[in-house]
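Visitor: So that we are looking at the same thing, I have put the structure below in structure tokens.
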Amino acid sequence: MVRDSKLYLLESGETRDRMFHLCGAEMLKLKSTGLHDTDARSAGLGTLRLDQPGSRSSPVISITPIAEPESPSSLSVQELRSILIQISRILAPQGFEIYPYLVGWYNNVVEPPFCLQYDKDTVAVLVISTPSMFERTFIPFILNNDLKDLRDPIDLCVMKCFSRLRKGLDNLDMDIIHDFELHPNRRPKILAQTAAHVAGAAYLYQPKHYPSASKNQKKLMGVCMHPKLGGWFAIRGCIILKTTLCRDLPRRPPVNVIRSDIDAQTAIELFNFHWRDSRFRDVIPVVEKYSEDQQLYFNTSPGKRKELLPLLKEKYKHLETEE
Ligand code: B12
């Protein structure tokens, strides 16, 4: 295993052998077509960059080996703030909002199978998409990508944003958990609504607190309300800063925007039985909503959304977009 960061000059063709030589038998997953960051990671080696400045015959490969698991560092609130500013600088222009919280706040309320296996003072960051994410980020994404992948295009787009974030902040050790990730037994890896509530992003109205909302009904889902966006947002995931602890992080309670029980019951029922008409999103006054294109997109069942992509591409093709 390589233990220091160096630049290696390799002759064309010897890349693979040379990497074996340098890195030992662990480095087994290099593809003959080239070298990739992910190969190095999956081989347990660390990040690896391939740079070919003009000359094909002498690629420069820099290997940054995986550090020994970093010991967690405790940060002051001020130090953490500068990390959060860096995250926000990357995600906010793409239409996301971020909310920090501590893993312990989340683990304290969920049942044991949903608990996250990190120190209770580990900092996590909840990410939500606001209405503008669709036009700012998703439209450029579909214009610039040939979406043959079977996965949901929104999920792919958000994955790309998050992996850029990871690259942009490669000094930070992070685990990313998307809202759509499930364990093999189909249990969600993160309860996005609970995370949104404990992070202070959006208040979770739970059916168990409004019994008549669930009387004689199927098991109802709770619904989150954002103080400015009502229901016009989605929870995209959590970034766990796995070696960053901040036990003094001040806790911001979510804003209880629906003051009466009857209105909360109505919101829960609208969400469960009439979500396609979006009335649940409007139970409080909001500052921004999904555009018509976006509403059409999200009100179309996931299996049929791909059919809308060519129409969106045609409509926005004049835009000079950069992802
Ligand atoms: C599974 C799922 C579904 C299933 C629901 C199956 C079912 N009936 O259970 C299906 C596919 C039907 C579905 C549909 C929809 N969903 Co859905 N779904 C999810 C998903 C992936 C997991 C939810 C889940 O299984 N929770 C598990 C249960 C056990 O959690 P729970 O009931 O909240 O219980 C926990 C809390 O009570 C907590 N807890 C206990 N005590 C306390 C105390 C406090 C104070 C707190 C805060 C918490 C807390 O602990 C419990 C667990 O131990 C989430 C995303 C995610 N990763 O969370 C989205 C999610 C809930 N869905 C969402 C949406 C928008 C929808 C749809 C409108 C369609 C859509 N995707 O656009 C529809 C509408 C719902 C409907 N009418 O059916 C949004 C909700 C946004 C919001 N504003 O709240 C989410 C968060 C996805 C997202 N990316 O934003 N969904």
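Visitor: Return a yes/no flag: does the stretch 144-167 have any residue that is farther than 20 Å from S73 by Cα, touching a residue at least 12 places away in the same chain (Cβ under 8 Å), within 16 Å of the ligand (Cβ to nearest atom) and charged (D, E, K, R).
Guide: Yes, because at least one residue in the stretch 144-167 is farther than 20 Å from S73 by Cα, touching a residue at least 12 places away in the same chain (Cβ under 8 Å), within 16 Å of the ligand (Cβ to nearest atom) and charged (D, E, K, R).
Visitor: Another one. Do the conditions hold for F180, that is, is it within 16 Å of the ligand (Cβ to nearest atom), modelled with pLDDT of 95 or more and in contact with a Pro (Cβ under 9 Å, 6 or more places away or on another chain)?
Guide: Working: within 16 Å of the ligand (Cβ to nearest atom): yes; modelled with pLDDT of 95 or more: yes; in contact with a Pro (Cβ under 9 Å, 6 or more places away or on another chain): yes.
Yes: the conditions hold for F180.
Visitor: Among the residues of the stretch 221-233, which ones are over 12 Å from E288 (Cβ atoms), crowded, with 19+ Cβ neighbours inside 10 Å and more than 6 Å from the ligand (Cβ to nearest atom)?
Guide: Hit for the stretch 221-233 is M225, nothing else.
Visitor: Please note which helices (runs of 4 or more DSSP H) are completely contained in the stretch 85-183 and include at least 1 residues that are small (G, A, S). Full working, then the answer.
Guide: Numbers: elements: 103-107, 139-144, 153-168.
Hits in the stretch 85-183: 103-107, 153-168.
Visitor: Scan the stretch 107-118 for residues that are more than 10 Å from the ligand (Cβ to nearest atom) and exposed (fewer than 15 other Cβ atoms within 10 Å of the Cβ) and jot them down. Show your work before the answer.
Guide: As a first pass, look at the stretch 107-118 and keep what is more than 10 Å from the ligand (Cβ to nearest atom): 107, 116-118.
Passing the criteria: only Q117.
Visitor: Pull out all pairs, ordered by first then second residue, where Cβ-Cβ is under 8 Å, the residues are six or more apart or on different chains, the first lies in the stretch 193-207 and is touching a residue at least 12 places away in the same chain (Cβ under 8 Å) and closer than 11 Å to V125 by Cα, and the second is within 7 Å of the ligand (Cβ to nearest atom) and of a type in the set (G, A, S).
Guide: Close Cβ pairs (under 8 Å, with a partner that is within 7 Å of the ligand (Cβ to nearest atom) and of a type in the set (G, A, S)) amount to A196/A202.
Visitor: What is the residue count in the stretch 215-232 for residues that are modelled with pLDDT under 95 and over 16 Å from H274 (Cβ atoms)?
Guide: Of the residues in that region, 3 qualify.
Visitor: Please go through the stretch 273-301 and give me each residue that is more than 16 Å from S132 (Cα to Cα), near the ligand (Cβ under 10 Å from one of its atoms), part of a helix (DSSP H, G or I) and modelled with pLDDT under 95, ordered by number.
Guide: F273, W275, R276, N299
Visitor: Separate question: Given (1) over 24 Å from the mean Cα position of the chain (by Cα); (2) farther than 21 Å from K228 by Cα; (3) surrounded by 14 or more Cβ atoms within 10 Å (Cβ to Cβ), where does K317 come up short, assuming only one miss?
Guide: (3)
Visitor: Answer yes if at least one residue in the stretch 150-167 is touching a Pro at 6+ places or on another chain (Cβ under 8 Å), assigned by TED's automatic domain parsing to the domain that holds Q193, within 23 Å of S88 (Cα to Cα) and of a type outside the set (S, T, Y), and no otherwise.
Guide: Within the stretch 150-167, the subset touching a Pro at 6+ places or on another chain (Cβ under 8 Å) is 152.
Next, only the ones that are assigned by TED's automatic domain parsing to the domain that holds Q193 stay: 152.
Pick out the ones that are also within 23 Å of S88 (Cα to Cα) and you get none.
Among the residues of the stretch 150-167, not one is touching a Pro at 6+ places or on another chain (Cβ under 8 Å), assigned by TED's automatic domain parsing to the domain that holds Q193, within 23 Å of S88 (Cα to Cα) and of a type outside the set (S, T, Y), which makes the answer no.
Visitor: Evaluate the following for F138: is it within 15 Å of the chain's Cα centre (by Cα) and either more than 14 Å from the ligand (Cβ to nearest atom) or not basic (K, R) (or both)? Even if it seems obvious, please write down each step before you answer.
Guide: Details: within 15 Å of the chain's Cα centre (by Cα): yes; either more than 14 Å from the ligand (Cβ to nearest atom) or not basic (K, R) (or both): yes.
So F138 fits the description; yes.
Visitor: While we're on this one: Which residues, counting only those in the stretch 186-211, are more than 19 Å from P250 (Cβ to Cβ) and out of contact with any helix residue (DSSP H, G or I) (no Cβ under 6 Å at 6 or more places or on another chain)? Give the derivation first.
Guide: Step one: of the stretch 186-211, the residues more than 19 Å from P250 (Cβ to Cβ) are 186-194, 204-211.
Of everything in the stretch 186-211, those that are more than 19 Å from P250 (Cβ to Cβ) and out of contact with any helix residue (DSSP H, G or I) (no Cβ under 6 Å at 6 or more places or on another chain) turn out to be R186, R187, P188, K189, I190, A192, Q193, T194, Q206, K208, H209, P211.
Visitor: Being buried (at least 18 other Cβ atoms within 10 Å of the Cβ) and within 13 Å of the ligand (Cβ to nearest atom) is the filter; apply it to the stretch 253-269 and report the residue that is nearest to I87 (Cα to Cα).
Guide: Only one residue tops the list, namely P254.
Visitor: Has the stretch 234-252 got at least one residue that is within 12 Å of the ligand (Cβ to nearest atom), touching a residue at least 40 places away in the same chain (Cβ under 8 Å), more than 20 Å from V103 (Cα to Cα) and within 20 Å of the chain's Cα centre (by Cα)?
Guide: Within the stretch 234-252, one or more residues are within 12 Å of the ligand (Cβ to nearest atom), touching a residue at least 40 places away in the same chain (Cβ under 8 Å), more than 20 Å from V103 (Cα to Cα) and within 20 Å of the chain's Cα centre (by Cα).
The values are calculated or read from the model by the stated rules, or taken from the named source; none is laboratory data. As the structure is a computational prediction, the values presented were derived from the model and not from experiment. A quick note on method: Cβ atoms are made from the backbone with ideal geometry, for glycine too, and the neighbour counts reach across all protein chains shown.
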